[in-house]
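Note sheet for the following structure.
No lab work stands behind these numbers, since they all come straight from the coordinates. No experiment lies behind these values; they were computed from the predicted model shown. Neighbour counts are summed over all protein chains in view; Cβ atoms, including those assigned to glycine, are modelled from backbone coordinates with ideal geometry.
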Amino acid sequence: MSDDAGTDLFSPPPFKPAEALLQLRRTLRELGGLNERGQQFEWKGQPVVALAVDGTQLQVRLARRPAVSPEWEARTLKNAADVRRFGNDVKLRVARWKDGDD
């Protein structure tokens, strides 16, 4: 039986920010109500999400509420769990903004 010292079966695969960015953009498009413009997403013409690759991580900003000059929450996504958590946070906010339209 060979023993590969460099293989750790319990460590997650390396984070690939470019691939994570593509997946996150796809997730945001599927939410409905958000329009993509370059590296930003807008809600009814107001910027609400900004995405950027920064080396080995993603730099993202999420608006607290839609506005011409929104108050941003900046986050650094360093792994797949962070990306999923951010996608879920955006989903909850979009649902809240939709409810506020009623």
> Do we find that N88 is among the polar types (S, T, N, Q) and within 11 Å of the chain's Cα centre (by Cα) in this structure?
Replying inline: yes
> Going through the stretch 47-61 one residue at a time, which ones are more than 12 Å from L21 (Cα to Cα) and buried (at least 18 other Cβ atoms within 10 Å of the Cβ)?
Replying inline: P47, V48, V49
> Identify, please: which residue in the stretch 33-46 is over 14 Å from the mean Cα position of the chain (by Cα) and touching a residue at least 40 places away in the same chain (Cβ under 8 Å) and is, among those, surrounded by the fewest Cβ atoms within 10 Å (Cβ to Cβ)?
Replying inline: G33
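Can R85 be described as within 20 Å of P14 (Cβ to Cβ) and basic (K, R)? Can you show your working first?
Numbers: within 20 Å of P14 (Cβ to Cβ): yes; basic (K, R): yes.
So R85 passes the test.
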> Are any residues in the stretch 50-81 under 17 Å from L24 (Cβ atoms), in contact (Cβ under 8 Å) with a residue 12 or more places away in the chain and not in a strand (DSSP E or B), and if so, which ones?
Replying inline: G55, T56, K78, N79, A80
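Any residue in the stretch 14-32 that is among the aliphatic types (A, V, I, L, M), free of Cβ contacts under 8 Å to residues at least 24 places away in the same chain and assigned to a loop (DSSP other than H, G, I, E, B)?
Narrowing the stretch 14-32 to residues among the aliphatic types (A, V, I, L, M): 18, 20-22, 24, 28, 31.
Then drop every residue that is not free of Cβ contacts under 8 Å to residues at least 24 places away in the same chain, which leaves 22.
Next cut, assigned to a loop (DSSP other than H, G, I, E, B) only: none.
There is no residue in the stretch 14-32 that is among the aliphatic types (A, V, I, L, M), free of Cβ contacts under 8 Å to residues at least 24 places away in the same chain and assigned to a loop (DSSP other than H, G, I, E, B).
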